[in-house]
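Heads up: the structure comes next, in structure tokens.
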Amino acid sequence: MRIESRLSHILGAQRLKMSEVARRTGIGKSTLLRLYHDRAEGIRFDVLAKLCKVLNCQPGDLLVYVPDEEQVC
């Protein structure tokens, strides 16, 4: 199981560039890159709140729980 970042999908749907999101939120580009490429190991609540405000979304839109596939024996 894991939590997956949907930032790349949201930016694509809204036709926003990461540099614009970085400018509007004050979030560092390295942080945004990790979230964009789904490589982040965690996220601070203040970062999540800033993204939700700028992207006009909810935390559940940005982060999705992906359960492990059950193996059939």
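In whole percent, and with a 1.4 Å probe on the protein chains, what portion of the accessible area of segment 1-45 is carbon and sulfur? Result for segment 1-45: 49 percent of the exposed heavy-atom area is carbon or sulfur. When Rg and the Kirkwood Rh are both derived from Cα coordinates, the Rg/Rh ratio for the chain amounts to 1.04.
In a fully extended conformation the segment linking Cys57 and Glu4 would gain 17.5 nm over its present Cα-Cα distance, using 0.36 nm per residue.
Looking at the chain, the accessible area is 76 square angstrom per residue; that uses a 1.4 Å probe and ignores ligands, DNA and RNA. With every protein chain in place and a 1.4 angstrom probe, the accessible-area ranking of Glu41, Glu4, largest first, reads Glu41, Glu4.
Fully extending the segment from Arg15 to Phe45, taken as 0.36 nm per residue of separation minus the present Cα-Cα distance, adds 8.4 nm.
Across the chain, the relative contact order, built from alpha-carbon pairs under 8 Å that are at least six residues apart, equals 50 percent.
The values are calculated or read from the model by the stated rules, or taken from the named source; none is laboratory data. Computed from a prediction, not measured in an experiment: that's the story for all the values here. Keep in mind that these areas ignore ligands, DNA and RNA; they rest on the heavy atoms of the full protein, side chains included. Shrake-Rupley method; radii C 1.70, N 1.55, O 1.52, S 1.80 Å.
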